[in-house]
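Only the coordinates and a few stated rules stand behind these numbers; no lab work does. If you're wondering where the values come from, they're calculated on a predicted model, not measured in any experiment. For neighbour counting, all protein chains shown are included, and Cβ atoms are generated from backbone atoms with ideal geometry for every residue, glycine included.
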Amino acid sequence: MLYSPNISIGVNLLLLTAMVVRSVIPQADVAIMEEHFSQKPDISGTALRIAKKLRVDPQASVKSIRAGGIVGKHEVLFGLPNQTLRIKHESITRSAFGRGALAGAEWLMECPRGFYTMEQLLATRFREALSEL
């Protein structure tokens, strides 16, 4: 079984990358910006998940914008003296979620039965890619 507040591959790579950056520079200030369509009422589950994984208070760190038909955009900003690092993902269409679901289903077929998050499935590939550097 696969669980994720956001099934798109890109936003989960954003999350994994942000977790690595946070572990390398834990002293950085962190801001999370999220944008969605104007009728979305609350902070997105994705932004809350990012805040939790980065160990920051969502009330203080998450900034939300609601406008028009924005499908979904998330950005993590790491603030340091004299520099910033930004990691950004934007879903252009909702098909990003369908493609992520299909990829997740394919990856699950390679795994023992169990409960997985999209982060776990991508983390394996992330670690493999880092080990090749």
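General observations
- Computed over the alpha-carbon atoms, the chain gives an Rg to Rh ratio of 0.98, Rh here being the Kirkwood radius from the mean inverse distance.
- Amide H contacts of TYR116 (H built 1.01 Å from N, under 5 Å, at least 5 apart or other chain): LEU2, TYR3
- Sparsely packed loop sites in the stretch 1-88 (the trypsin sites (Lys or Arg not before Pro) outside DSSP H, G, I, E and B with at most 13 other Cβ atoms within 10 Å) comprise ARG55.
- Taking only the C-alpha atoms of the stretch 8-82, the Rg (one decimal) and the largest Cα-Cα distance, Dmax (whole number), read 12.4, 37 Å.
- Sequence-separation-based contact order of the chain, relative, with Cα cut under 8 Å and 6+ spacing, percent: 36
- Residue order, fewest to most beta carbons within 10 Å, for HIS36, HIS89, HIS74: HIS89, HIS36, HIS74
- The stretch 33-133: GluC sites (Glu not before Pro) falling in loop per DSSP and having at most 11 other Cβ within 10 Å: GLU110, GLU132
- Counting only DSSP beta bridges with both residues in the chain, the antiparallel share comes to about 70 percent.
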